Each structure stands twice: as C-alpha cells, then as structure tokens.
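Asker: Pasting a structure here, questions to come.
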Amino acid sequence: MAEERKLKTSPAQAKARDKWDSKNKENKKRRTYKSGCKNYILKLADQQDLEEVESWIEEARKKF
C-alpha cells in the first residue's frame, strides 16, 4: 500500500502564488536574482570571488 504524499503548499496557496507571480514578474525577477547573489556570496565565494564582486559593486555605484 503506497502512502499518499502530502503537499507542503495547498493547491489554493499555489494558485494564489502563481497568480501573484504572473502579475509581478519584475518584482519576482529582482527577488530571485537578489537571493541568488546573496547565496553565492555567503555560501560559495572565496576571497578572490568576493574581491571580484566588490569591484562589480564599485562599478555599479559609479552609475548612480
């Protein structure tokens, strides 16, 4: 007898999330990129990578 797998998100919640995501594509894109950047910096980057990221940040700040 196979056990039924419970979903962590209810179908109604998933539908609401998908609806919000479709209406807020730019916001979702920014959140996704920001999260990926943070994870890279905090979990994967070594000293050389961090120096490179810092140079990118300095370059971006000059644009403002």
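The values are calculated or read from the model by the stated rules, or taken from the named source; none is laboratory data. Nothing here was measured: the structure is a model prediction, and the numbers come from that model. We place every Cβ from the backbone using ideal geometry, glycine too, and count neighbours over all the protein chains shown.
Asker: Could you pull out the residue among Glu51, Glu3 that is of a type outside the set (Val, Ile, Thr) and modelled with pLDDT of 95 or more?
Answerer: None of the others qualify; the one that does is Glu51.
Asker: State yes or no: is Ser22 surrounded by 10 or more Cβ atoms within 10 Å (Cβ to Cβ) and either within 18 Å of the chain's Cα centre (by Cα) or of a type outside the set (Asp, Glu) (or both)?
Answerer: Criteria not met by Ser22.
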